[in-house]
1. Consider all pairwise Cα distances in the chain and report the whole-number % of them above 27 Å.
2. Between helix 152-166 and the chain, what is the angle of the helix's C-alpha long axis to the longest principal axis, kept within 0 to 90° and rounded to the nearest 10?
3. If you average the sequence gap of Cα pairs under 8 Å that are 6 or more apart and divide by the length of the chain, what percent do you get for the contact order?
4. Which value at 222 nm does the chain reach when only helices count, each DSSP H run of 4 or more adding -39,500 (n - 2.57), with the total divided by all residues and rounded to the nearest 500 deg cm²/dmol?
5. Would you mind calculating the relative contact order of region 50-154 from Cα pairs under 8 angstrom and at least 6 residues apart, reporting the percent as a whole number?
6. Can you compute the modelled spin-label distance between residue 79 and residue 216, with each label point 7 Å from Cα toward Cβ, in nm?
7. Taking the inverse of the average 1/r across all pairs of different Cα atoms in region 165-261, what Kirkwood radius in Å do you get?
8. Against the longest principal axis of the chain, how steep is helix 188-199, in degrees 0 to 90 to the nearest 10, with axes from Cα atoms?
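Derivation of every value follows stated rules applied to the coordinates shown; laboratory data play no part. Just so we're clear, the structure is a prediction, and the values are computed from it rather than from any experiment. Reconstructed Cβ throughout: ideal geometry from the backbone, glycine too, with neighbour counts over all protein chains shown.
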Ligand SMILES: [Fe+2]
């Protein structure tokens, strides 16, 4: 099948009214509601996380990674909450609960999904960190979520390709890499991400980040958007995700300047990002 017709087929499937969008895992939905509800108690969040054994063990694995590890190994969610704080543990749970969305039996698509997952996790960690270091502590949780989800449209595109390919609609064998890269990096991923996050009833500020994180010019008064754009470029500089450009000078970006972040803080972000790749699992 020629590349153009493959591309047309995929775009048609994405535009179809019958497009099946992935569902937000139930536990992620529950955590999202609980975190935004002022009446939620620490015990409620703990119960939710402990109630899901697989999730709890993933959270403990991340909590014991080099980035968070203290002197003693954390072996219960309760200890993780004491060490890291309940909101951070809930955020980690939210992130790892989405891991299952990034799995497939197709080896070629699987490699792409792996890179998307690493990028999502790294962008979440670094966005949260940047919020804490640019005087926007109150937005640190939102930065984590917006960073985690900003490229979720790429996941939608990949899952559609995965399904078409499983149904043998894209011919046999691996797909051309340039076709995949072109589709994933096109602004379709912004539109698809926006639609999906709206469908998931996520707060508007997260949806806007998905929609506008490549838009030029962008709204530099939107701190959340500015933070995620900077985190995204930091990931690109380190080659975490689908794009790689080691020549990016983070301190010279308009985003770093708008946030008032200099070389030292940005070098620390790069170190954090190197750790986050091993954490993502
Ligand atoms: Fe993007």
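1. Within the chain, distances greater than 27 Å cover 40 percent of Cα pairs.
2. The angle comes out near 40 degrees.
3. Computed value for the chain: 19 percent relative contact order.
4. The helix contribution divided over the chain gives -20500 deg cm²/dmol.
5. It comes to 20 percent, rounded to a whole number.
6. With each label point 7 Å from Cα toward Cβ, the separation is 5.0 nm.
7. Final number for the Kirkwood radius of region 165-261 is 15.3 Å.
8. On a 0 to 90 degree scale, this one is about 60.
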